[in-house]
Amino acid sequence: MPFGPKEVDWAEITCLVDNAVDVLLPTTDVAKRPKIDDWFERPLIAEHGFSSAITLEANGKKRTLLLDSGLDPMVAVHNVDVLGFDLSKCEIVVSSHGHIDHAGGLLNIIKKTDPTRKVPLIIHPHAFRNRVMKFPDGRLLPLPAPKRELLRDAGYEITETSSPTLLMDDRVLVTGEVSRTNNFETGNPIHYAEVNGKMENDPLIKDDQAIVLMVKDKGLVVITGCGHSGIVNTLNYAKELTGEDKINAVMGGMHLSGGIFEPIIPRTVDELTTMRPALVIPCHCTGLKATNEMMRSMPDAFIQNTVGTTYTF
């Protein structure tokens, strides 16, 4: 039995934080690039992180929510100011997972919302675990977790769940934990999480989740943070939950950067091409090699992202 969500008439996704800024990219029917007349006075900032604002309309009513908040506490709020994006109407914040490059701005970005009310934060319980990546060359990448108490004090009303969740009059689906159904998207073997005071191998990163919209007459729009579950697993799970096979757009991080994930790029791109999404917008941790393969294999669907772009579906 499909879980939902109900259709929206249209949706807009504005990229607030990503790994790259490119002021030379052209505006298209789908991708509206940020204005550049004063870019040298108030430049947009890129970083290794991700955040996007999602606006949808159904039955004449507009709703706005936020997915993630970037790494540096100041970057998302800076870019919001430069873009003139109004987050005062943001009703809900969704955390794609607890890694700091997606949760580092949570305490600051809430200051842009309506100060008279609590802001619901949808987050998986595992997001509050400290994590680390241990690279084969000896480098360590600490991934400190957000703190519940600080988030509550900042004004968030926290809902911890691993299950699929419908939001905004059942117009927005948060996948919860993504089912792992293929034999190649098997997780990150160098990822560790703190459990009962000890760091344990945690390749699956179970708090990874995505947002799914159903756009009228177009199909699914799926927005990921990092896609640690695997972008193919994520899309298949979105189709399973919704009962809809048609993919209008997939946007976000797909975690194919780095030597560990490069071997699965060909299989991933082949599977993605078979799904025939109308639009593919790789961001953040997708990586240059995978992005180039998507551009080569799906030239009519591929769109290059840059901070500040607003996509209309």
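Computed from the coordinates by the stated procedures, all read-outs in this text should not be read as laboratory data. Bear in mind the structure is a predicted one, so any value in this text is a computation, not a measurement. All Cβ positions, even for glycine, are placed from backbone atoms using ideal geometry, and neighbour counts span all protein chains on display.
Listing for the model above:
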| read-out | value |
| --- | --- |
| Cα convex hull volume per residue for segment 1-115 (Å³) | 140 Å³ |
| R0 of 41 Å, Cβ-Cβ distance residue 304-residue 198: FRET efficiency to nearest 0.05 | 0.45 |
| CD proxy at 222 nm, helix term only [per DSSP H run n ≥ 4: -39500 (n - 2.57); per residue of the chain; nearest 500] | -5000 deg cm²/dmol |
| Model label zone, residue 163; criterion: amide N under 17 Å from point 7 Å along Cα-to-beta-carbon; scope segment 104-128 | 122-126 |
| Shape category assigned to segment 103-242 from the gyration tensor of Cα positions, a/c cut at 1.5 | oblate |
| Proximal charge balance of residue 155 [Cβ under 15 Å; K/R count +1, D/E count -1] | +2 |
| Convex hull projection area averaged over all views, the chain, Cα basis, nm² | 16.0 nm² |
| Within the chain: Cβ-based charge dipole about Cα centre, in debye rounded to nearest 20 (Lys, Arg +1; Asp, Glu -1) | 280 debye |
| Mean Cβ neighbour count within 10 Å, used as a protection proxy, ranking 93-104, 135-146 highest first | 93-104, 135-146 |
| Residue 179-residue 23 FRET efficiency (beta carbon distance; Förster radius 41 Å; 0.05 resolution) | 0.55 |
| Computed label-point distance, nm, for sites residue 312 and residue 86 using a 7 Å Cα→Cβ extension | 1.7 nm |
| Protection-proxy order for peptides 272-283, 70-81, each taking the mean of Cβ atoms within 10 Å per residue, highest first | 70-81, 272-283 |
| Rounded to 5, percent antiparallel among DSSP beta bridges of segment 7-312 | 60 percent |
| Residue pairs, from the table 35/216; 134/198; 118/147; 218/289; 6/61, whose Cα atoms sit over 19 Å apart | 35/216; 218/289 |
